[in-house]
Structure formats: C-alpha cells, structure tokens
Amino acid sequence: RFEKDWFGVDLRKLGLVRLSLGSAMSNPKELHELPQLSDADSSASEAPVAEPRLPFRRRGPATAAAALAAALLLAAGAAVASSHFGVTGAAAAQRASLRHHAATVVLAEEVDGADESEQGPAADEAENSEDEAEDHKHKEVEKKKTCKLAHADDKPSLFCWAVMFPSDVALIKSQFTGRAGIFACNDYAVISKEAMKIGTDDCGDDFNTWQEDLPTVSKGQYGVNAMTSSWLNVPVFTLCWDRLLKSGKVWEQDFTVKMDPDAVFFPDRLGGILLQHKGKPIFTTNCRYWGGDQVGKLFGAIEVLSKQAIGAYKGKMDTCKNLPWQGWGEDYWMQHCMNALGIPAVGMFDQVSDNTCPLGGGAPCTDGKKIVFHPRKDAGQWWDCWKQSAGPQMVAK
C-alpha cells in the first residue's frame, strides 16, 4: 500500500496509487486505474501488519527517495510473482506497505500449490514416470503370483533335489537350462557348499543353490574299512536331510526324489510308477545282486521317499542317526534307516539302468521306458542319452 505524505511527500500528487495483491495483480493494467484512498480509508481497511519491521528514520530527501525506490521494487516484484502464480485475493502474499515515518516489508508467504505450479511440465513428466513405474511393478508382482512352472501341477507331485559338488556345476547348469532331469519335477532344490546362482526360471525368478557347510569326506575300501568302495558320505546327507526338513518343501509334494547329478532322469515316467503308492509310507530300491532278490538294494543314483516315509524319519530321526553308519555310503545308510523304521520297499529294478549295479546296467539310451540311465558324467553324454530316450518329439519341444 502506498499512502500520501510519506516523509512530507504527497504520493498521490506523484500519481502513485494503492496496490492490492489481489485481483489487481492478475491484471497489471488496473494498477493505474484504482482509486486513491485517504488515510482514514487506508487505516480502516487494512489490519495491522505482522512483524518483521524494518524501521527508517527521517534523514532527508535522499534517504526517503531510496526507501521509496526499494518499496516500489518490492511491490513490483510482488505484482509479477502474483501474476506468475495466478494468485488472487486472500490467497496471495499478505501485503507490502509503506507508512508514515516507517517502511514495513512483509515477505510474500508461500501459496498452496505454488511449488507444484512453479515446477511446470518437468514435474508433471516426472510424476507420470513414477506412476508408470509403480504400475509396471504392480503388474509384475501380480504376474508372478499367477505364474506357474511347467510341471507345477503334475500328479503325483515330486520334489526333486541333488547335492552339487564343484565337478557337477556345468552338468547341473546345463540340465537347468534345458529344464530336464530334476528341473522337470513339480519343485526342486540343489544343495552346495558355496551359494551359487544356477539360472533364471520361467517365472523370472533367480534359482540359487541352498548353501550348507558340507563336510569333506573320503572314499572307502570295501572289505577293509567300509561296506563300499564309494564315498563315505553319510555326514553330508544327514546334514542335507536336516535342511530339507527345515525348508518344508518335503511336505508340499507327494514324493521326495534324491538324484545323483550324473543320472539321466525322466520324472514323468517315475510318476506313472508311483501313482498307486501315493499316500503310503514307501521307499524305492533299484538294484539286485541276484535274480531272486525281491527286496533289492537302494543305490544312490535315485532314492524315492514318500511324504509319509519322511514323516516317519522325522519322528524317529535319532534311530537313523544312531545307526553304526561309519564305513557306509549314504544310500546304504538310508536303506537301513527305512528298514529300522519299518517302511516297506518298492522295487524299480526294470526301470533303472545303473552301470554300478551288478544286474542293473547296460540298457541302451534308446529305451523309452527307463526312468534312469546312470552314470553320464559330462553334459554332452548326459544330453545325448536324454535325447535318444526322449525321442524326436520330446527333443523338438
């Protein structure tokens, strides 16, 4: 507000009029058309101005002129700012005023929404980008909720797993890439001493190994210090079974299948054999030492336990862990464990071709009915055998 008689100068005579930071600011042309107010009108229409105050004393025309110029600049800045923000009426900056004997400056207060409008199109673009990113993220989450792996609904359901040592890494990764072997089961896991990413599944999730501090073991000498000439690996696999129980995965499927990585494996063929045993406590054997053996031996290329058999193991785990397993391989230990728990065996002698079994190996990979061909140590051998047994139709898929 500009009033008359400031430091003895009648401002109205100079053509100066009252400035209102209201509607007048939105139209600069009106600044010269507003009526002049008397002192009485001015004091009656305006409420006392808030602090802070910057007092000026009368020190002559030069001081007055400087103060007046400063006030005019402030008022002009307020007018431009008000016009820029589109502010009118009570929502505008409070006021800038000059009074007798003192100049009072009130800085414009921020107006609601001024920050947003000041940022303009750039702010709108950034906000739209954030909304799009959030929407994309939401869609991805919903997609993963509904995503299923290719064999998630196979019946009976299989949870398949293997232990991976450094020499098995390339073979395991190759099988995962081809979605074959244990990776064609309903669910699967790989346990290793060092955590490692194997790949990305069909739902876009990383598949990583389960890390366990697996102990180092040695091979036995049959008839000397062991019941096998293979690895004395019971400590490794008791630790793995502890991890499997802790994960809860073994309760989600009908059967749990432990596989050697170098075994060519067809889960769909296994499911056909196990269907009639669903819901029953069973484990499988797969090797005969002589033709009349009806029970057979459990060889570690493939070991199948029903969910009910695993329940029995969990309930009497100490019975199995307290067996005299020193000098045993883990497959020999598991069979003795199941026997001690009273779990019946189901033989798969004709469905498994294992060259380490006295009467169980040698079948050609062209046999389309075998569940397992063992061993195939490298990825090339493994896939050659898999393709021969799967046939052209499966290979094309």
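The values are calculated or read from the model by the stated rules, or taken from the named source; none is laboratory data. Treat the numbers as computed from the prediction; the structure is a model and nothing was measured. Note: ideal-geometry Cβ built from the backbone for every residue, glycine included; neighbour counts use all protein chains shown. Remember, those area values only see protein heavy atoms, side chains included, never the ligands or the DNA or RNA. Shrake-Rupley method; radii C 1.70, N 1.55, O 1.52, S 1.80 Å.
When residues in the stretch 273-292 are screened for being modelled with pLDDT of 95 or more and among the hydroxyl-bearing types (Ser, Thr, Tyr), 2 of them pass. For the stretch 364-385, a residue qualifies if it is aliphatic (A, V, I, L, M), under 27 Å from TYR313 (Cβ atoms) and either open to solvent by 10 Å² or more (accessible area, probe 1.4 Å) or not in a loop (DSSP other than H, G, I, E, B) (or both), and exactly one does: VAL372. When LYS148 is tested against (1) touching a strand residue (DSSP E or B) at 6+ places or on another chain (Cβ under 7 Å); (2) part of a loop (DSSP other than H, G, I, E, B), only condition (1) is not met.
The residues listed here are VAL217, VAL234; of these, the one that is of a type in the set (A, V, I, L, M, F, W, C), modelled with pLDDT of 95 or more and either surrounded by 17 or more Cβ atoms within 10 Å (Cβ to Cβ) or under 29 Å from CYS147 (Cα atoms) (or both) is VAL234. Considering (1) surrounded by fewer than 20 Cβ atoms within 10 Å (Cβ to Cβ); (2) under 25 Å from the mean Cα position of the chain (by Cα); (3) hydroxyl-bearing (Ser, Thr, Tyr), say which one SER192 fails and leave the rest. Failed condition: (1). Number of residues in the stretch 353-368 that are in contact with a Lys or Arg (Cβ under 7 Å, 6 or more places away or on another chain) and at pLDDT 95 or above: the value is 2. In the stretch 215-251, how many are within 14 Å of LYS321 (Cα to Cα) and hydrophobic (A, V, I, L, M, F, W, C)? Within the stretch 215-251, residues that are within 14 Å of LYS321 (Cα to Cα) and hydrophobic (A, V, I, L, M, F, W, C) number 6.
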